[in-house]
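Student: The structure's right below; bear with me while I get my questions together.
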Amino acid sequence: DIQMTQSPSSLSASVGDRVTITCRASQSISSYLNWYQQKPGKAPKLLIYAASSLQSGVPSRFSGSGSGTDFTLTISSLQPEDFAIYFCQQSYTTWTFGQGTKVEIK
Amino acid sequence: QVQLVQSGAEVKKPGSSVKVSCKASGGTFSSYPISWVRQAPGQGPEWMGGIIPMFGTANYAQKFQGRVTITADESTSTAYMELSSLRSEDTAVYYCARDVSSSTSNWFDPWGQGTLVTVSS
């Protein structure tokens, strides 16, 4: 199975900060990488698919980049509603998820 | 806009089985694969398996082979996930999600609201 490793596991940031989350795959997955946001008690919500494509309705402050094994999710200016857990997911072979990055208020 | 609505929370004894349903509305059901994903407390999601309702054939993650059965009823636009031989480690929220694909990736959207399954004696 392809393993997905996210870093950091948690971070504290302030409203307006630029936030970057990294996801590394244990082997090359081309651009088969997606990002989800999850809030307490809710299902994950798709933010970015195919490494860098913004899902319809998702604010443009979210962006994704990378290919192969290294990927990044960036929030350009953190908003109060962005405090949540973020997961990466590979879909190159079946599906595996990262363990998540919790974004907390500083 | 497709919506997926799951059945309610369950409490089960170790060794028993649980069957969770996922009803689709507002869009095409048969032609899109439906996956099942579970999330234990404080953990990342874990894919269990999926089915294309139009074809009726399911595929499963190796970890759950022999213990999970995924089916779909096109007449009611409902997918089902049954997990047997339950143990305490199966306590988790179980989600269904629609698989969407393009030439460059596949992703899950939308997701059901989740069903909490608690395994306790």
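The values are calculated or read from the model by the stated rules, or taken from the named source; none is laboratory data. What you see is a predicted model, and the numbers here were worked out from it, not measured in a lab. Cβ sites come from the backbone with ideal geometry, for glycine too, and all protein chains shown count toward neighbours. Ligands, DNA and RNA are excluded from the accessible area calculation, which covers all protein heavy atoms including side chains. Shrake-Rupley method; radii C 1.70, N 1.55, O 1.52, S 1.80 Å.
Student: When we measure straight from the Cα of A:LYS42, which lysines land under 17 angstrom away, once same-chain ones fewer than 8 places off are left out?
Tutor: Within the straight-line cut-off, A:LYS42 pairs with A:LYS102.
Student: Let me ask you something else. Calculate, for region A:1-43, the solvent-accessible area per residue in square angstrom, rolling a 1.4 angstrom probe over the heavy atoms of the protein chains.
Tutor: Working: 2260 Å² over 43 residues.
Using a 1.4 Å probe on heavy atoms only, each residue of region A:1-43 averages 53 Å².
Student: With +1 on each Lys and Arg Cβ and -1 on each Asp and Glu Cβ, and nothing else charged, work out how big the dipole of the protein assembly as shown is about its Cα centre, in Debye to the nearest 20.
Tutor: 300 debye
Student: Starting from the Cα of B:SER102, step 7 Å along the direction of its Cβ; do the same at A:GLU104; then give the gap between the two resulting points in nm.
Tutor: About 3.5 nm separates the two model spin labels.
Student: If the viscosity is 0.692 mPa s and the temperature 37 °C, what Stokes-Einstein diffusion coefficient in µm²/s follows for the protein assembly as shown when Rh is the Kirkwood radius over Cα pairs? Let's see the in-between values first.
Tutor: Details: Rh = 18.0 Å.
Rounded to a whole number, D works out at 183 µm²/s.
Student: Quick one: of A:LYS39/B:LYS63; A:LYS106/B:LYS13; A:LYS106/B:LYS19, which pairs are farther than 32 Å apart, Cα to Cα?
Tutor: On the way: A:LYS39/B:LYS63 27 Å; A:LYS106/B:LYS13 42 Å; A:LYS106/B:LYS19 42 Å.
Violating the 32 Å limit, Cα to Cα: A:LYS106/B:LYS13; A:LYS106/B:LYS19.
Student: Right, something else. Would you work out which of B:GLN62, B:SER85, B:GLN39 lies farthest towards the positive end of the dipole of chain B, given +1 charges on the beta-carbon of Lys and Arg and -1 on that of Asp and Glu, about the Cα centre?
Tutor: It is B:SER85.
Student: Between B:GLU10 and A:SER77, what FRET efficiency comes out of the Förster formula 1/(1 + (r/R0)^6) with R0 = 41 Å and r the beta carbon distance, rounded to 0.05? Display every interim value, and only then the final one.
Tutor: Values: r = 42 Å, r/R0 = 1.02.
Working from the Cβ atoms, E equals 0.45.
Student: A further question on this structure: How large is the dipole of chain A about the Cα centre if only Lys and Arg carry +1 and Asp and Glu carry -1, each at its Cβ, rounded to the nearest 20 debye? Each step should come with its number before you reach the end.
Tutor: Values: 8 positive and 6 negative charges, 33 e Å.
The dipole magnitude comes to about 160 debye.
Student: Got a number for carbon plus sulfur as a percent of the protein assembly as shown's accessible area, 1.4 Å probe?
Tutor: On the way: 4880 of 10410 Å².
It is 47 percent, rounded to a whole number.
Student: Tell me, what is the 1.4 Å probe accessible area of B:LYS13, in Å² to the nearest 10?
Tutor: 120 Å²
Student: Separate question: Enumerate the calculated ³J(HN,Hα) couplings along region B:8-20 in order (Karplus 6.51 cos²θ - 1.76 cosθ + 1.60, θ = phi - 60°), each rounded to whole Hz, writing x wherever the residue is Gly or Pro.
Tutor: Per-residue couplings from phi come out as x, 4, 10, 10, 10, 8, x, x, 8, 10, 9, 10, 10 Hz.
Student: With a 1.4 Å probe and all protein chains kept in place, how do A:SER30, B:SER30 rank by accessible area, largest first?
Tutor: Values: A:SER30 55, B:SER30 30 Å².
Output order, biggest surface exposure first: A:SER30, B:SER30.
Student: Taking the Cα centre of chain B as origin and charging only Cβ (+1 Lys, Arg; -1 Asp, Glu), how large is the dipole, in debye to the nearest 20? Present the calculation step by step, with values, prior to reporting the outcome.
Tutor: Working: 9 positive and 9 negative charges, 55 e Å.
It comes to approximately 260 debye.
Student: I've got another one for you. Could you list the residues of region B:80-121 with an amide nitrogen less than 16 Å from a label point located 7 Å from the Cα of B:SER17 in the Cα-to-C-beta direction?
Tutor: Answer for region B:80-121: B:80-87.
Student: Name the long-range amide H neighbours of A:ILE29: under 5 Å, sequence gap of 5 or more, or other chain; modelled H, no Pro or chain starts.
Tutor: A:GLY68, A:THR69
Student: If you don't mind, there's one more thing I want to ask. Ignoring ligands, DNA and RNA and using a 1.4 Å probe, state the total buried accessible area between A and B in Å², rounded to the nearest 100. Before the final figure, lay out the partial values.
Tutor: Values: alone 5670 and 6400 Å², together 10410 Å².
Buried area (both sides, nearest 100 Å²): 1700 Å².
Student: Now, a different point. Of B:VAL11, A:VAL19, which has the most accessible area and how do the rest follow, probe 1.4 Å?
Tutor: Details: B:VAL11 110, A:VAL19 5 Å².
From most exposed to least exposed: B:VAL11, A:VAL19.
Student: Also, I was wondering about something else. Given Cα positions, please report Rg to Rh for region B:1-52, the hydrodynamic radius being the Kirkwood one. Spell out each step's value before the answer.
Tutor: On the way: Rg = 13.3 Å, Rh = 13.2 Å.
Ratio of gyration radius to Kirkwood radius for region B:1-52: 1.01.
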